[in-house]
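> Take a look at this one; I'll ask things after.
The values are calculated or read from the model by the stated rules, or taken from the named source; none is laboratory data. Every value quoted in this text rests on a predicted model; they were computed, and no experiment measured them. Methodologically, a virtual Cβ is constructed for each residue, glycine included, from the backbone with ideal geometry; neighbour enumeration extends over all protein chains shown. Surface areas here come from the heavy atoms of the whole protein model, side chains and all, with no ligands, DNA or RNA. Shrake-Rupley method; radii C 1.70, N 1.55, O 1.52, S 1.80 Å.
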Amino acid sequence: MSEPTPEAAPQPGRDGAGAFVQSLDRGLAVIRAFDAEHPELTLSEVARATGLTRAAARRFLLTLVELGYVRTDGRLFALRPKILELGYAYLSSLSLPEIALPHLEQLVERVHESSSVSVLDGDEVVYVARVPTKRIMTVSISVGTRFPAYATSMGRVLLAWHSAEWLDGYLASASLRALTEHTLADPESLRAELAAVRERGWAMADQELEEGLRSVAAPIRDQSGRVVAAINVATNVSRTGTDELVDRIVPQLLATAGLIEQDLARSAIAQSSGARSTGPRPPASTRHGSVAKQAAASRQPVPRP
């Protein structure tokens, strides 16, 4: 930890240095001193962690106590749940793509394959967020790209959780045609596959949209449990076999979907409460997020198609 510095020490080299508020910077440093490994700190420990003098650290801590962000028993200081308001204010302003994107980036970094999020629009899926790696299709994919829902893993996820009545209407009106020799284009076969998708909690499309393209997808639910989007990982058949896709990638895909759901729930709470909530964070998804955690813990494969 750095040595305490005088409270009025300047911060040279910052853009717009004349507008920089030193006290705000230091107040935020005091908040950041607390983490999972240091949930409670003494005054001296806060001073060492932030580089502030004891007197300055004490003023910031007591101000945070007065504002309700920090509690103290006279010796130890700890953050209070009200500190979540600062994060909720940010989350409440985010859209689905903005919430999903950092999770997609982390997933792509782990699996080294492209990942996207899409929503259903009529008979098609529309890409709303994407993190690509190598190009794996002859058609370039970007935000706004549309594909027929029945031939994609994300589309099947988005179709599978609709009611039987809605699905009857879709199958009666959708133009199902074989895009490759592998495409499932028969209405009753597709209906059976969608039932299987709903049962196991994720979907696979194996060279049905384009030869050589293999993908898996999972649902993303809102706070009410309604499926509002789908997330996928797409790869080339020459690079990833179906066993590896199921055993290695699907659990990580499900876990990522669960993390996106958690952030969506927090965003919804922030929006509905006007960032006034002071309770604990919303619980993690008890649906496919927990399935992924259980699969990882037991090292058992996720359900197969």
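> Rounded to a whole number, what % of the accessible area of the range 48-89 do carbon and sulfur atoms account for, probe 1.4 Å?
The C+S portion of the solvent-accessible surface of the range 48-89 is 54 percent.
> How much length, in nm to one decimal, is gained on full extension between Arg200 and Ser175, taken as 0.36 nm per residue of separation minus their Cα-Cα distance?
Separation in residues times 0.36 nm, less the Cα-Cα distance, equals 6.4 nm.
> Given a 1.4 angstrom probe, what's the average accessible area per residue across the range 181-265, in square angstrom?
Result: 36 Å² per residue.
> Next question. Relative contact order for the range 32-135: what percent, with Cα pairs under 8 Å and sequence separation of 6 or more?
Reported as a whole number, the value is 17 percent.
> Tell me, what % of the accessible area of the range 199-253 is carbon and sulfur with a 1.4 angstrom probe?
42 percent
> Restrict the search to the range 124-190; then list the GluC sites (Glu not before Pro) that DSSP places in a loop and that have at most 10 other Cβ atoms within 10 Å of their Cβ.
Here the GluC sites (Glu not before Pro) that fit, given the DSSP loop and packing criteria, are Glu181.
> For the range 148-214, which trypsin sites (Lys or Arg not before Pro) pass both filters: DSSP loop (anything but H, G, I, E, B) and at most 15 other C-beta atoms within 10 Å?
The qualifying sites are Arg177.
> Applying a 10 Å radius around every beta-carbon, put 229-240, 101-112, 25-36 in order of their mean neighbour count, most first.
229-240, 101-112, 25-36
> Could you sort 64-70, 252-258 so that the peptide with the highest average Cβ count within 10 Å comes first and the rest follow in order?
252-258, 64-70
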